[in-house]
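Here's the structure we're looking at; comments come further down.
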Amino acid sequence: VHKVYRTHWLRAKAVRDRWSEEEQLLTAEFQWTINYFNYRAIQWHTCHSECDALGTSCYAARQIAVYERLSEHAK
């Protein structure tokens, strides 16, 4: 009987450990996503400051707004 309980406990622990690992991975993936959105916003800020044409500058400003909004929603 003791072996049955031990086996059940080990399986339950393995399931808990897998879910704990999955939670850690998802948290890291969320942070990677936020970091990527911030990185792209910075790239568009650079492009916006270097643009001479009005159309290109407007497009860069729009992309900045998009990536900043995505970053805020992901937080």
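In table form, for the structure just shown:
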| item | result |
| --- | --- |
| Rounded to 10°, Cα long-axis angle of helix 2-50 versus longest principal axis of the chain | 0 degrees |
| Nearest-20 debye value, the range 2-74 charge dipole, Cβ charges on Lys, Arg, Asp, Glu | 740 debye |
| Of (1) 3, 13, 14, 20, 21, 16, 10, 3, 0; (2) 3, 18, 31, 29, 15, 3, 0; (3) 3, 15, 14, 11, 10, 8, 7, 6, 6, 5, 5, 4, 3, 2, 1, 0, the label for P(r) over Cα pairs in 5 Å bins from 0, in percent derived from the coordinates | (3) |
| Where labels lie 7 Å past Cα in the beta-carbon direction, separation of V1 and F30 in nm | 4.4 nm |
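The numbers here are math on the coordinates, done by the rules we state, and not lab data. None of these values were measured; they are calculated from a predicted model. Cβ sites come from the backbone with ideal geometry, for glycine too, and all protein chains shown count toward neighbours.
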